[in-house]
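Written below as structure tokens is the structure these notes are about.
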Amino acid sequence: MNNSFTAIDLFAGIGGFRLAIEKNGGKCINFSEIAPDAIKTYCENFPDAEGTNLGDITKIKMLPRHDLLTGGVPCQSWSIAGRNLGFDDDRGQLWNDSIYLLNQSKPKTFIFENVKGLSDPRNKQALDYIMLRIKEAGYHANVHVLNSFDYGVPQSRVRIYIIGFKEKRFLDAFRLPEKTEPEDRITLADILDGYVKTTDGYKDERDLFGQPIHSTKSSPTSLSRNNNGFNDYFLFNDLRNGSTTIHSWELEETTEKEKHICLLLLRNRRKSIYGCLDGNPLSIAHFKALDSKITEEDIRKLVDKKILKEEEYAYKVIGNRSTNLDEAEALVLGESKNNILIFDELTRERKFKIKKIKISDVLKSLERKGLIKCIETRFDFRNTKISTGLFGINRVFLPSSNIFPTLVASDSNDFVTTIGLSALNEKQYKKEFIEKVFNKKAYRKITVTEACKIQGFPANFKLPPTRARWMKLIGNSVSVPVIEKLVGAICNTGVFTCLAHD
């Protein structure tokens with residue numbers, strides 16, 4: 001079947017869509033991009049693209065004639081990492097520009113890609129509006145939520161794809177591509193530099209009875225899990241617990257009693273009796289109620305070791321409210337109940353978030369003015385930001401892992417190791433990891449070549465030399481194999497073999 005067709009790539013980035021288009025026999029006649037680094041990289045990898053950049057989409061009045069329109073519309077206003085403001089964010093208005101050009105140019109078909117957040121219930125009204133605008137532009141379209149992992153990419157990357165056709169018969173004929181069979185999937189071992197994959201896909205580790213200890217097969221319900229039930233990654237985190245979770249008190253020198261105190265806090269901090277948050281600090285009285293043998297000195301030692309931190313939690317209003325106050329101070333004081341202010345309750349108030357009021361700064365100001373006094377302090381883990389992890393590490397993935405986390409523009413604290421582990425039980429498994437990987441610093445961040453492979457780009461794809469630059473470009477791009485298969489599925493409808501462009 002001759003699938004010769006022309007395409008225009010909006011929000012082109014470094015050309016992920018173009019690679020997929022060309023692999024399906026299409027020709028990208030123009031692209032639209034405004035980021036200088038992305039434009040330079042695009043043109044270095046596609047020299048014939050020089051002079052074909054249409055520039056800022058908001059200034060484009062008319063697109064050249066083409067068959068397929070593609071675009072990864074900027075996603076910040078819909079993503080969890082953003083502020084979830086949707087169309088209230090100026091960046092969200094770029095959807096209007098994209099659909100305007102779709103309506104103006106009338107290509108046979110289109111693909112728009114975005115983050116999964118756009119399909120979340122909280123954004124239903126926005127997605128419904130987008131789909132209505134697409135329908136008004138004369139197109140029949142459906143929404144698909146796909147994970148790159150299911151299509152031959154060793155990465156968990158869930159994205160929304162809106163695919164539409166000018167003629168309904170082609171939408172009816174469209175079928176999502178078949179998922180890649182487990183045995184054909186690329187694993188982390190396949191893309192790691194300096195790692196030689198053995199015939200069984202992993203180092204042949206066997207227990208005392210001759211049974212395999214590790215397997216490359218994993219459950220899709222977790223990031224990666226081998227047949228023994230062990231995770232193929234280790235999580236550095238004080239707020240979670242599990243067989244492959246590494247806590248700060250396991251890496252710092254601590255007594256058994258101190259470890260016990262940390263576990264008590266971990267197991268109880270999410271209980272509603274201690275506060276309104278998902279994770280609440282505990283007071284000395286709370287610790288004593290859980291274990292009468294715990295002393296304040298025990299808690300203070302963990303603070304000194306920088307495993308716990310002390311927080312001012314409750315305040316009593318003691319001053320004259322008629323004191324000269326700024327707007328933020330007046331608003332905070334107005335939240336007092338029986339002359340008591342609770343820090344955690346204040347941080348949950350939406351009006352303070354909207355006004356970007358930093359509660360801790362306002363409380364300090366009120367204390368300096370003698371209007372409030374701290375009457376209760378509590379203790380929590382020092383490291384409470386999950387994605388940050390511990391000691392600059394979030395997760396370390398073993399080569400047996402089938403999957404790597406979503407690559408993001410800002411990079412992450414995820415690492416890999418090329419060392420294989422074997423163990424008969426969970427305790428030994430963690431011990432082996434700490435001794436052989438963590439203590440010996442036998443872990444590293446992924447390389448630029450590995451990042452390309454994880455996203456489905458050619459290993460020799462030209463990118464800027466510095467990590468911050470190439471990670472931003474790769475993290476903002478699309479998974480090429482997914483787009484390649486979607487474009488292939490569009491071709492299979494016969495939309496490009498019908499008579500000339502209308």
Practice task
Inspect the stretch 464-475 for any residue being at pLDDT 95 or above, out of contact with any Leu (no Cβ under 9 Å at 6 or more places or on another chain), of a type in the set (S, T, N, Q) and under 20 Å from ALA7 (Cβ atoms) and give the result as yes or no.
Solution key: no
Problem - Contacts under 7 angstrom Cβ, first residue in the stretch 291-305 being in the same structural domain as LEU263 (by TED's automatic domain parsing) and surrounded by 14 or more Cβ atoms within 10 Å (Cβ to Cβ), partner part of a helix (DSSP H, G or I) and basic (Lys, Arg), 6 or more apart - result: ILE294/LYS288; ASP298/LYS257
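Tell me which residues, restricted to the stretch 8-36, are surrounded by fewer than 16 Cβ atoms within 10 Å (Cβ to Cβ) and touching a residue at least 60 places away in the same chain (Cβ under 8 Å).
Let us first name the residues in the stretch 8-36 that are surrounded by fewer than 16 Cβ atoms within 10 Å (Cβ to Cβ), namely 23, 25, 27, 34, 36.
The answer is LYS23, GLY25.
At positive phi, surrounded by fewer than 21 Cβ atoms within 10 Å (Cβ to Cβ) and either out of contact with any His (no Cβ under 9 Å at 6 or more places or on another chain) or assigned by TED's automatic domain parsing to the domain that holds LEU302 (or both): is that true of ASP380 in this structure?
Details: at positive phi: no; surrounded by fewer than 21 Cβ atoms within 10 Å (Cβ to Cβ): yes; either out of contact with any His (no Cβ under 9 Å at 6 or more places or on another chain) or assigned by TED's automatic domain parsing to the domain that holds LEU302 (or both): yes.
Criteria not met by ASP380.
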Practice task
Of the conditions (1) more than 17 Å from ALA314 (Cβ to Cβ); (2) modelled with pLDDT of 90 or more; (3) buried (at least 17 other Cβ atoms within 10 Å of the Cβ), ASN402 clears all except one; give me its number.
Solution key: (2)
Completion exercise
Cβ pairs under 8 Å, 6+ apart or interchain, first in the stretch 47-73 and basic (Lys, Arg), second in a strand (DSSP E or B), ordered by first then second residue, are ARG65/THR6
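Kindly indicate whether ILE21 is in contact with a Cys (Cβ under 9 Å, 6 or more places away or on another chain) and either hydrophobic (A, V, I, L, M, F, W, C) or outside the structural domain of ASN114 (by TED's automatic domain parsing) (or both).
Working: in contact with a Cys (Cβ under 9 Å, 6 or more places away or on another chain): yes; either hydrophobic (A, V, I, L, M, F, W, C) or outside the structural domain of ASN114 (by TED's automatic domain parsing) (or both): yes.
Spelling it out, ILE21 is indeed in contact with a Cys (Cβ under 9 Å, 6 or more places away or on another chain) and either hydrophobic (A, V, I, L, M, F, W, C) or outside the structural domain of ASN114 (by TED's automatic domain parsing) (or both).
Considering only helices (runs of 4 or more DSSP H) fully contained in the stretch 243-348, which possess at least 1 residues that are within 32 Å of the chain's Cα centre (by Cα) and modelled with pLDDT under 95? Spell out how you get there, then give the answer.
Working: elements: 248-251, 256-268, 284-290, 296-304, 327-333, 343-348.
Hits in the stretch 243-348: 248-251, 343-348.
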Practice task
Go through (1) out of contact with any helix residue (DSSP H, G or I) (no Cβ under 6 Å at 6 or more places or on another chain); (2) in a helix (DSSP H, G or I); (3) modelled with pLDDT of 95 or more one by one and return the number of the condition GLU432 breaks.
Solution key: (3)
Problem - Within the stretch 1-31, tally of residues that are under 22 Å from ALA459 (Cβ atoms) and part of a loop (DSSP other than H, G, I, E, B) - result: 5
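When the stretch 387-399 is examined, which residues are found to be farther than 30 Å from TYR313 by Cβ and part of a strand (DSSP E or B)?
ARG395, VAL396, PHE397, listed by residue number.
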Exercise for the section: Would you mind stating whether LYS356 is farther than 24 Å from LEU239 by Cα, of a type in the set (D, E, K, R), within 35 Å of the chain's Cα centre (by Cα) and not in a helix (DSSP H, G or I)? Expected result: yes
Fill in the blank from the handout: The residue that is nearest to GLU312 (Cα to Cα), considering only those in the stretch 360-386 that are out of contact with any Ser or Thr (no Cβ under 8 Å at 6 or more places or on another chain) and of a type in the set (A, V, I, L, M), is ILE375
Exercise for the section: Assess whether LEU223 counts as being assigned to a loop (DSSP other than H, G, I, E, B), modelled with pLDDT of 85 or more and surrounded by 15 or more Cβ atoms within 10 Å (Cβ to Cβ). Expected result: no
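For LEU424, indicate whether it is in a loop (DSSP other than H, G, I, E, B), touching a helix residue (DSSP H, G or I) at 6+ places or on another chain (Cβ under 6 Å) and either among the hydrophobic types (A, V, I, L, M, F, W, C) or free of Cβ contacts under 8 Å to residues at least 24 places away in the same chain (or both).
Numbers: in a loop (DSSP other than H, G, I, E, B): yes; touching a helix residue (DSSP H, G or I) at 6+ places or on another chain (Cβ under 6 Å): no; either among the hydrophobic types (A, V, I, L, M, F, W, C) or free of Cβ contacts under 8 Å to residues at least 24 places away in the same chain (or both): yes.
So LEU424 fails the test.
Considering only the stretch 465-474, state which residues are farther than 13 Å from ALA12 by Cα, crowded, with 17+ Cβ neighbours inside 10 Å and of a type outside the set (Phe, Trp, Tyr).
Result: MET471, LYS472.
Any chance the stretch 371-386 includes a residue that's part of a loop (DSSP other than H, G, I, E, B), touching a helix residue (DSSP H, G or I) at 6+ places or on another chain (Cβ under 9 Å), hydrophobic (A, V, I, L, M, F, W, C) and closer than 30 Å to ILE246 by Cα? Before you say what the answer is, go through the steps one by one.
So in the stretch 371-386, the residues part of a loop (DSSP other than H, G, I, E, B) come out as 371, 382-386.
Cutting the leftovers down to touching a helix residue (DSSP H, G or I) at 6+ places or on another chain (Cβ under 9 Å) gives us 371, 382-383.
Retained after the next criterion (residues that are hydrophobic (A, V, I, L, M, F, W, C)): 371.
In the following step, the residues that additionally are closer than 30 Å to ILE246 by Cα were identified as none.
The answer is no, given that none of the residues of the stretch 371-386 is part of a loop (DSSP other than H, G, I, E, B), touching a helix residue (DSSP H, G or I) at 6+ places or on another chain (Cβ under 9 Å), hydrophobic (A, V, I, L, M, F, W, C) and closer than 30 Å to ILE246 by Cα.
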Practice task
Please verify whether the stretch 440-452 includes one or more residues that are more than 30 Å from SER477 (Cα to Cα) and in a loop (DSSP other than H, G, I, E, B).
Solution key: yes
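Could you list, in sequence order, the residues of the stretch 127-141 that are part of a helix (DSSP H, G or I) and over 15 Å from TYR161 (Cα atoms)? Break it down into steps so the answer makes sense when it comes.
Of all residues in the stretch 127-141, those part of a helix (DSSP H, G or I) come to 127-136.
Scanning the stretch 127-141 gives TYR129, LEU132, ARG133, LYS135, GLU136.
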Problem - Which numbered condition GLY392 misses (of (1) farther than 17 Å from SER156 by Cβ; (2) buried (at least 17 other Cβ atoms within 10 Å of the Cβ)) - result: (2)
Problem - Subset of the stretch 407-429 that is surrounded by fewer than 20 Cβ atoms within 10 Å (Cβ to Cβ) and β-branched (Val, Ile, Thr) - its residue that is farthest from LYS440 (Cα to Cα) - result: VAL408
Problem - Of residues in the stretch 149-194 being under 26 Å from the mean Cα position of the chain (by Cα), assigned to a helix (DSSP H, G or I) and of a type outside the set (D, E, K, R), the one modelled with the lowest pLDDT - result: PRO182
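The values are calculated or read from the model by the stated rules, or taken from the named source; none is laboratory data. A quick note: this is a predicted structure, and the numbers were derived from the prediction, not measured. Glycine also receives a Cβ, built like all others from the backbone with ideal geometry; neighbour counts cover every protein chain displayed.
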